[in-house]
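Have a look at the structure below before the remarks.
Throughout, read-outs are computed from the coordinates displayed, never taken from laboratory work. Since the structure is predicted, the reported quantities are computational estimates derived from the model, not experimental observations. We place every Cβ from the backbone using ideal geometry, glycine too, and count neighbours over all the protein chains shown.
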Amino acid sequence: MSCGAEAKPHNLGFEYIELSGEKVRLRPTAAKDARQGYKLVHNNRDILKWLCWAGPKDQKELEETYGMRWPQEMREGTKYSFAIEENNNPGVFIGSADARILRYPQQFEVGYWLGVPYWRKGYTPEALALICYFCFKHLGAAIITSSAFVGNLASRRVQEKNGFQFEGTLRRQIFKDGKWIDLWHLSLLAEEWEKQGFKPRLERLAPCESTK
């Protein structure tokens, strides 16, 4: 049975989004983030082995993605991609997180990565909590899903710390480096999220006039 949507779903567009927790801040990416982003991820197997992405071919690719494509998608309301930075070190890119719309505007899939020097500091769980807040509070999400390569226990724990429930293993979902990869699939419903009572320390949002 096929239930594909006829048109690409979209939601409210934003010129600017900023969300801060106790440790990290989410903000729109910019071309200037490419230098640090390339330094953190290029040829870094500790990160790339857990991502569908093979990594950037060069810094210019990231400049175009961070400075043009992702901000445009945020304005269109088709995908919301964020730079992650430390609260005590503003302006320094340490990783990224995103929320993309699935079949319906109330369904989202989230993803994230963080540079190795910033692991095990509690940054990733908070970054995920902030992006979930944005989707449920400001976009009316009914469900958020996320996945992790089977074996990536650290990522699965990040999701479970945020209340995501394990739904099962999706077999042969990613073909990378000549082999098939299975995924752990988890999800969080709006009513489950509401019980957590999470709120950011600060939020600044500027919706696009054309999508209000």
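Quick look at the values:
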quantity: Surface/4 of the Cα convex hull for the stretch 122-181, nm²; calculated: 5.0 nm²
quantity: Among GLY91, GLY122, GLY178, residue whose mean-square fluctuation peaks in a GNM of the chain (springs only between Cα atoms under 10 Å); calculated: GLY178
quantity: Coarse-grained scattering of the stretch 84-212 at q = 0.16 Å⁻¹, given as base-10 log I(q)/I(0) from a Debye sum over alpha-carbon atoms; calculated: -0.89
quantity: Charge dipole of the stretch 14-211 about the Cα centre (unit charges at C-beta), most positive-ward option of GLY67, LEU202, TRP50; calculated: TRP50
quantity: Total charge dipole magnitude, the stretch 14-211, about the Cα centre, Cβ charges on Lys, Arg, Asp, Glu only, Debye to nearest 20; calculated: 540 debye
quantity: Counted charge near ARG120, where neighbours are those whose Cβ lies closer than 15 Å (Asp, Glu -1; Lys, Arg +1); calculated: +1
quantity: Percent RCO, i.e. relative contact order, over the stretch 129-206, from Cα pairs under 8 Å lying at least 6 residues apart; calculated: 35 percent
quantity: Positive-pole candidate from ASN11, PHE175, TYR80, dipole of the chain, charges at beta carbon; calculated: PHE175
quantity: Derived scalar couplings ³J(HN,Hα) [the stretch 79-86; Karplus, 6.51 cos²θ - 1.76 cosθ + 1.60; whole Hz; x for Gly, Pro]; calculated: 7, 10, 10, 10, 7, 9, 9, 6
quantity: Over 20 Å (Cα to Cα) - which of LYS79/LYS195; LYS32/LYS176; LYS137/LYS199; LYS79/LYS199; LYS32/LYS60 fall in this group; calculated: LYS79/LYS195; LYS32/LYS176; LYS79/LYS199
quantity: DSSP bridge pairs, the chain: antiparallel proportion in percent, nearest 5; calculated: 95 percent
quantity: Per-residue [θ]222 nm for the chain (sum of -39500 (n - 2.57) over DSSP H runs n ≥ 4, rounded to 500); calculated: -6000 deg cm²/dmol
quantity: Share of pairwise Cα separations in the stretch 26-111, more than 20 Å, in percent; calculated: 36 percent
quantity: LEU189-HIS10 FRET efficiency (beta carbon distance; Förster radius 22 Å; 0.05 resolution); calculated: 0.50
quantity: Relative contact order (%) - the chain, alpha-carbon pairs under 8 angstrom, separation at least six; calculated: 25 percent
